[in-house]
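For reference, the structure discussed in these notes is given below.
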Amino acid sequence: MKIGFIYYNFYPVTGGPSVHGYHLAKELSQLGYELYKLNGEPDPHTVKKKPLTGLYYILKECDLIYVRMDYFLKPRNLITLIALAVGKKVIVELNAPSDELHLFGKNENYIRKADQWMKTVLKKVDAVVVVSDPIRQYCEEELELSHVYVVENGGEIFKPELNRIPSELKEKIDSIRQDYPRIAVWSGSVNQMQNFTLLKQVAEQSPDTALIIISNEDKNETKTSFPSGNIFPMYNLKREEVSYVISRSDIGLAFYGDYSWSRWGFYNSSLKVYEYLNNGLLTITNKPGTTVQNSYPNFKVAGNAEEILTFIDNFTYHSPGIQNIRTWKHVAKETSKIIRDITEQNS
């Protein structure tokens, strides 16, 4: 089966949506699908076409179009409209509610208009795939959609190729390991969705825990935000370097703000939680987990810094592979079922 895979740039893999896009493409291709894309660098799992002639090919030859949509004026969002206009079957992946536009300075009136536009478009597609129940709730209650499917994220077990890891990074981690009995890691972007105040409290109150912060933000900004001596910021690491740091850590931290700007609360779509869990890290978050996350013995939810410190002090290592883990193969198989159900309708 041929699929037009209209996604964010996902190769080479850098983080965030590119991780999801790459692994979904990889696993779907291994299930036998032929994937065609228009953007980004050529990758091993899709066929890249030139934008204009490629779009014509995809609309003419592909059995279905899979689009990662958002609320911005980007070509991939417009392709959804074109695909619907020519009668193609369309699956849309939506990983955030419109309320996230608050973080981009948009007001309530703008967001209501975005809801109306998205409702108009998504009512016409064949399926909407979301990563969590809060986003499903947004789609069903605000957008009044009935064809919404929850497919949670997955994660890898990291096995970094050591010859691709810079010696400076390996020496840095070895040095930290010698000086501290345990290493905690936090990875992500410095933005309003993270609870950095809580992260700072934990670092200050657990001085015998090394905290590695993996950030792609401005170096000076991050340094002034975290003055504690047991914090080790690492900036703009490559994907294999990130995987190496996580694989050498003991504890993964995922702290979030109150999400007061969102009608749907915390929408639980973080990829790093699955990466921490699958690599055996004691994974501590301040938000309730999904059913899948709560099935992991190394997943812990803490309401405040005191509870977090208790989990850290009583740290127990969980080797990856000792429990059932959710991988990208699970994501692809669940997505494949949706694809098959849609393409077999009226066939």
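The values are calculated or read from the model by the stated rules, or taken from the named source; none is laboratory data. Computed from a predicted model, the values in this text were never measured in an experiment. Reconstructed Cβ throughout: ideal geometry from the backbone, glycine too, with neighbour counts over all protein chains shown.
Every residue, every condition in (1) more than 24 Å from Gln201 (Cα to Cα); (2) of a type in the set (Gly, Ala, Ser); (3) within 20 Å of the chain's Cα centre (by Cα), yes or no:
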| residue | (1), (2), (3) |
| --- | --- |
| Tyr256 | no, no, yes |
| Ser260 | no, yes, no |
| Thr283 | no, no, yes |
| Thr290 | yes, no, yes |
| Val301 | no, no, yes |
| Ser336 | yes, yes, yes |
| Thr343 | yes, no, no |
- Message: Kindly evaluate Asn278 against the criterion of being in contact with a Gly (Cβ under 6 Å, 6 or more places away or on another chain) and touching a residue at least 60 places away in the same chain (Cβ under 8 Å).
- Response: yes
- Message: For the list (1) at pLDDT 95 or above; (2) of a type outside the set (S, T, N, Q); (3) not assigned by TED's automatic domain parsing to the domain that holds Pro97, I need the number of the one condition that Glu334 fails.
- Response: (3)
- Task: Would you be able to tell me the number of residues in region 287-303 that are in contact (Cβ under 8 Å) with a residue 60 or more places away in the chain and either touching a His at 6+ places or on another chain (Cβ under 7 Å) or not aliphatic (A, V, I, L, M) (or both)?
- Result: 1
- Message: Quick test for you: out of Glu140, Glu100, pick the one residue that is assigned to a helix (DSSP H, G or I), of a type outside the set (Lys, Arg) and either assigned by TED's automatic domain parsing to the domain that holds Asp174 or surrounded by fewer than 18 Cβ atoms within 10 Å (Cβ to Cβ) (or both).
- Response: Glu140
- Query: So which residues in region 145-169 are more than 25 Å from the chain's Cα centre (by Cα) and assigned to a loop (DSSP other than H, G, I, E, B)?
  - Reply: Pro166
- Residues of region 170-227 being in a loop (DSSP other than H, G, I, E, B), out of contact with any Gly (no Cβ under 8 Å at 6 or more places or on another chain) and either crowded, with 18+ Cβ neighbours inside 10 Å or at pLDDT 80 or above (or both), in sequence order, are Tyr180, Pro181, Ser206, Asp208, Phe226
- Query: Would you pick out the residues in region 27-42 that are surrounded by 20 or more Cβ atoms within 10 Å (Cβ to Cβ) and of a type outside the set (Phe, Trp, Tyr)?
  - Reply: Glu27, Leu28, Leu35, Lys37, Leu38
- Note on the structure: Scanning region 1-26 residue by residue, those surrounded by 21 or more Cβ atoms within 10 Å (Cβ to Cβ), without any contact (Cβ under 8 Å) to a residue 40 or more places away in the chain and within 14 Å of the chain's Cα centre (by Cα) turn out to be Phe10, Tyr22
- Residue by residue through region 58-76, note down the ones that are within 21 Å of Phe10 (Cα to Cα) and either in contact with a Lys or Arg (Cβ under 9 Å, 6 or more places away or on another chain) or aromatic (Phe, Trp, Tyr) (or both). Ile58, Cys62, Leu64, Ile65, Tyr66, Val67, Arg68, Met69, Asp70, Tyr71, Phe72, Arg76
- Scanning region 103-135 residue by residue, the ones that are touching a residue at least 60 places away in the same chain (Cβ under 8 Å) and in a strand (DSSP E or B) total 2
- Message: Looking at Gly289, Gly257, Gly280 in this structure, which one is outside the structural domain of Ile111 (by TED's automatic domain parsing) and closer than 20 Å to Tyr180 by Cβ?
- Response: Gly280
- Among the numbered criteria (1) surrounded by fewer than 20 Cβ atoms within 10 Å (Cβ to Cβ); (2) touching a residue at least 60 places away in the same chain (Cβ under 8 Å); (3) under 30 Å from Glu141 (Cα atoms), which single criterion is violated by Ile91? (1)
- Residue, modelled with the lowest pLDDT, within region 146-157, restricted to residues that are surrounded by fewer than 18 Cβ atoms within 10 Å (Cβ to Cβ) and either hydrophobic (A, V, I, L, M, F, W, C) or more than 30 Å from Lys26 (Cβ to Cβ) (or both): Ile157
